[in-house]
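The values are calculated or read from the model by the stated rules, or taken from the named source; none is laboratory data. Only a predicted model underlies this, so the values are computations on that prediction, with no experimental measurement involved. As a convention, Cβ positions derive from the backbone with ideal geometry for all residues, glycine included, and neighbour counts pool all protein chains shown.
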Ligand SMILES: [Zn+2]
């Protein structure tokens, strides 16, 4: 059953499911290369526990009942005859595993630690008042999906969706939100995560975020917070991303050309010098932009630019400024509407302003 995701049914068919890698080939955690000498986690090693989970180079001693209570996958696995579940006890832990069931997992220690904190510490860990780092929320979503813990999956995706919305009006001004702190380099992990947990509604925003990465990062991938897993876009998704990146950049240049096309608003007063100003922009100021244009058409560049035209000494009239804002918004909305197509998904209602 190599290459399949663990489920209660699959666990009951094959007791070795915990050795099976995750189905998502787009990330490459290395924990399958078992460390012969795992060390016990300094925090999650509960002396009265009856189950030892080994993930990567770390062992966690926990309670079967606590895992079974939250996860049907663990419930199915731990309900099996112990001789089918028990794994080889590493020599480094032999003295400390007295009577415990020992299971090797294919997950990273980073992910399992976040999962166990969520199951043992509950709201204190999962629902802090402020924003949580993306890497932690992603780990919770990944584990909650794999081990079928619905409440945890809902809470983690709720946070993630604030940064990767499916509505134009909810597009955040910054990559981070009050619920989750996102670094631009998290984009690839986000995209792969949303594929893995089957959230097509969050894929377009993640693809857009991938389009903003440097080409080297996009092609070579990034190291996850666990320091062992590399996140790469699979070839098909990389092709989609590069196609989208080029199209968004083209749209950005077209928007710049439109803004300084020289057309004036119908209400532009004769004494205004908007036409002269647009001509000056076209010939010098915007030239620099055309050559350095990026794919961030949803970013604040043009709205900030238009506002700068309206400083203490307005360079253009209010009517022309409104015309530019309308064009800028139309271009952004058009780009937003194109994102599902670039991501290869069909989403009903997408793009409704
Ligand atoms: Zn004007």
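Where residues in segment 298-334 are touching a helix residue (DSSP H, G or I) at 6+ places or on another chain (Cβ under 6 Å) and part of a loop (DSSP other than H, G, I, E, B), which of them is farthest from the ligand (Cβ to nearest atom)?
Applying the filter and picking the extreme gives 298.
Suppose the filter is modelled with pLDDT under 95 and in contact with a strand residue (DSSP E or B) (Cβ under 8 Å, 6 or more places away or on another chain); does residue 261 pass it? I'd like the intermediate steps shown before the answer.
Working: modelled with pLDDT under 95: yes; in contact with a strand residue (DSSP E or B) (Cβ under 8 Å, 6 or more places away or on another chain): no.
Answer is no for this residue.
Check residue 258 against each of (1) within 16 Å of the ligand (Cβ to nearest atom); (2) surrounded by 16 or more Cβ atoms within 10 Å (Cβ to Cβ); (3) in a helix (DSSP H, G or I) and name the one condition it does not meet.
Every condition holds for residue 258 apart from (2).
From 163, 190, 209, 169, grab the single residue that is in contact with a strand residue (DSSP E or B) (Cβ under 7 Å, 6 or more places away or on another chain), at negative phi and in contact (Cβ under 8 Å) with a residue 40 or more places away in the chain.
163
What do you reckon, is residue 192 surrounded by 18 or more Cβ atoms within 10 Å (Cβ to Cβ), out of contact with any helix residue (DSSP H, G or I) (no Cβ under 6 Å at 6 or more places or on another chain) and over 23 Å from residue 347 (Cα atoms)?
Working: surrounded by 18 or more Cβ atoms within 10 Å (Cβ to Cβ): yes; out of contact with any helix residue (DSSP H, G or I) (no Cβ under 6 Å at 6 or more places or on another chain): yes; over 23 Å from residue 347 (Cα atoms): no.
So residue 192 does not fit the description; no.
A quick yes/no check of all residues on (1) assigned to a helix (DSSP H, G or I); (2) within 16 Å of the ligand (Cβ to nearest atom); (3) assigned by TED's automatic domain parsing to the domain that holds residue 318; (4) more than 33 Å from the chain's Cα centre (by Cα):
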residue: 217; (1), (2), (3), (4): yes, no, no, no
residue: 227; (1), (2), (3), (4): no, no, no, no
residue: 233; (1), (2), (3), (4): no, no, no, no
residue: 243; (1), (2), (3), (4): yes, no, no, no
residue: 270; (1), (2), (3), (4): no, yes, yes, yes
residue: 275; (1), (2), (3), (4): yes, yes, yes, yes
residue: 279; (1), (2), (3), (4): yes, yes, yes, yes
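Could you tell me which numbered condition residue 151 fails, if it satisfies all but one of (1) out of contact with any helix residue (DSSP H, G or I) (no Cβ under 7 Å at 6 or more places or on another chain); (2) crowded, with 23+ Cβ neighbours inside 10 Å?
(2) is the only condition that residue 151 fails.
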